[in-house]
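Encoded as structure tokens, the structure appears first; notes follow it.
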Amino acid sequence: MRVNLRVLSGPHVGHTFTFDRHDTFLIGRSNAAQLYLPDDRFFSRNHCLIEIAPPRCFLRDLGSTNGTYVNGRRVSEIFLQNGDRIQGGQTVLAVEVTADPQSQAVQQEQRPSLLDTQPSIITVHCQRCGRPSQAEASAPDEKMIYLCEDCRNELKQEPQPVPGYDMVKVLGKGGMGCVMLARDQKTGRPVAIKTLLPEVAVSDQALRRFMREIDVAATLQHPHIVKFLDRGQHQGIVYLITEFVEGVDAAKLAEARGGHLPYEEALPILTQTLDALAYAHTQGYIHRDIKDQNILVSGQWPNYNAKLTDFGLAKSFKQSGMSGISMAGDVAGTIVYMPPEQLRNFRDVRPSSDIYAMGMTAYSLISGQLALDIGPRADVTETIKAIFDKPIVPLRHRTPDVPPRIAEVVERALAKDPAQRWATAADMRNALAQYQ
């Protein structure tokens, strides 16, 4: 499946932007926007953001002065459909959802009409209860995996056992699924099982791509990265098996200590996580979802042992098409760790984006508050605008007892311009390690 944004009028008339995987698309007068309109005063700097997960599109106006219009109606947010027209000033874009060729071997000159066909609407059945539903597919005979909404909700509340493992207890529940403590029936060792529940009908091809990406990320072997053991699929549920870490995530640890950690306690957690990140970056991997909840901490102060988990999982889950549109039902807290460039262009993310997220994590652990100047009830739109445009609140304004040099290390990681951040995770780690 593909989504095209075709420019019908305006400075970029004739240009087509094509998306075949999860991505974002920014329109505005900012020179970082994919549709850059510096001379059209109708547009705000960061005017609107479109999230695309073919065949789905979601548009969010970013509080622009003059508004964003879809089919002649001003909107704040909307799911876009094939044939919709987006307008602002003199610029008009048409939304086109098309089916991809069924095989890479099919050449355009042999079957030119295939590139212009609309997606097929097929009947899919829930893998668990058999309930039928309709889904868009690239071809009428495409095989798809589907869980209905009722079964997804039920599985989130009552996770099902995975073959070969005895479930002990549920450790946590999240947007993608659940985490369970289980015991391997063959070895008796404790393991953690993360179940992933596709939010939309997923093709076999997309699921295989997701599994391949997980296999690649699983090659990372480091004492501060949670060890991957196995993965598979059972009745529409994708599951990952990892080592079990006896402890809690860094967010819960801080919560238990009154909402934040003294900087002396936070430093070893941060430096160990940066060790893991430095190793992964040298191997060519980017995490893309670093936050307090993805750092597992075992042991007691001063002998904390931190391990980074879910390496590349959120990215692979979204890009494979298993998550649908994420920001439509998102809450501000789940995107607050993303740097501006990751919001502007979901796919083009570099190590500097992980460093920004580490800065957000460090700030949160030490202060118990967000670095952005937003209220506790800020919505997604306000949070995105703050990420793009607002300066961070200096760390020592939140926590005056933090040494100035530590605050400088954290704040440098939070520069909006990636070139102004720490060059490497190792550099940031070494800067913090001086104060342990």
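Quick notes on this one:
- All positions within the range 266-287 that are open to solvent by 40 Å² or more (accessible area, probe 1.4 Å) and touching a residue at least 12 places away in the same chain (Cβ under 8 Å): ASP275, TYR279, GLN283, TYR285
- Selection within the range 215-265: residues that are polar (S, T, N, Q) and open to solvent by 70 Å² or more (accessible area, probe 1.4 Å). The member of this set that is nearest to TYR435 (Cα to Cα) is GLN221.
- No other residue among THR381, THR361 is assigned to a helix (DSSP H, G or I) and either within 25 Å of GLY28 (Cβ to Cβ) or touching a Ser or Thr at 6+ places or on another chain (Cβ under 7 Å) (or both) apart from THR381.
- Hits in the range 209-257 - residues which are part of a loop (DSSP other than H, G, I, E, B) and closer than 25 Å to LEU197 by Cβ: ALA218, LEU220, VAL226, LYS227, GLN235, GLY236, PHE244, VAL245
- The residue that is nearest to the chain's Cα centre (by Cα), counting only those in the range 403-429 that are assigned to a loop (DSSP other than H, G, I, E, B) and surrounded by fewer than 19 Cβ atoms within 10 Å (Cβ to Cβ), is LYS416.
- Residues that are surrounded by 16 or more Cβ atoms within 10 Å (Cβ to Cβ) and charged (D, E, K, R) within the range 155-183 comprise just one, LYS156.
- The range 1-90 holds strands (runs of 3 or more DSSP E) entirely within its bounds, and those carrying 2 or more residues that are farther than 26 Å from MET144 by Cα and of a type outside the set (A, V, I, L, M, F, W, C) map to 2-9, 56-61, 68-70, 73-75, 85-88.
- Tabulated pairs, the range 153-178, first among the β-branched types (Val, Ile, Thr), second in a loop (DSSP other than H, G, I, E, B), C-beta under 8 angstrom, 6+ apart or interchain: VAL170/PRO159
- Checking each residue in the range 1-44 for being closer than 16 Å to ARG56 by Cβ, open to solvent by less than 10 Å² (accessible area, probe 1.4 Å) and in contact with a Pro (Cβ under 9 Å, 6 or more places away or on another chain) picks out VAL3, HIS22.
The values are calculated or read from the model by the stated rules, or taken from the named source; none is laboratory data. Since we're looking at a predicted model, the values are computed, not measured. Using ideal geometry, Cβ is built from the backbone for each residue, glycine included, and neighbour counts are taken over all protein chains shown. The protein model used for the area step is the full one, side chains on, heavy atoms only, and it has no ligands, DNA or RNA in it. Shrake-Rupley method; radii C 1.70, N 1.55, O 1.52, S 1.80 Å.
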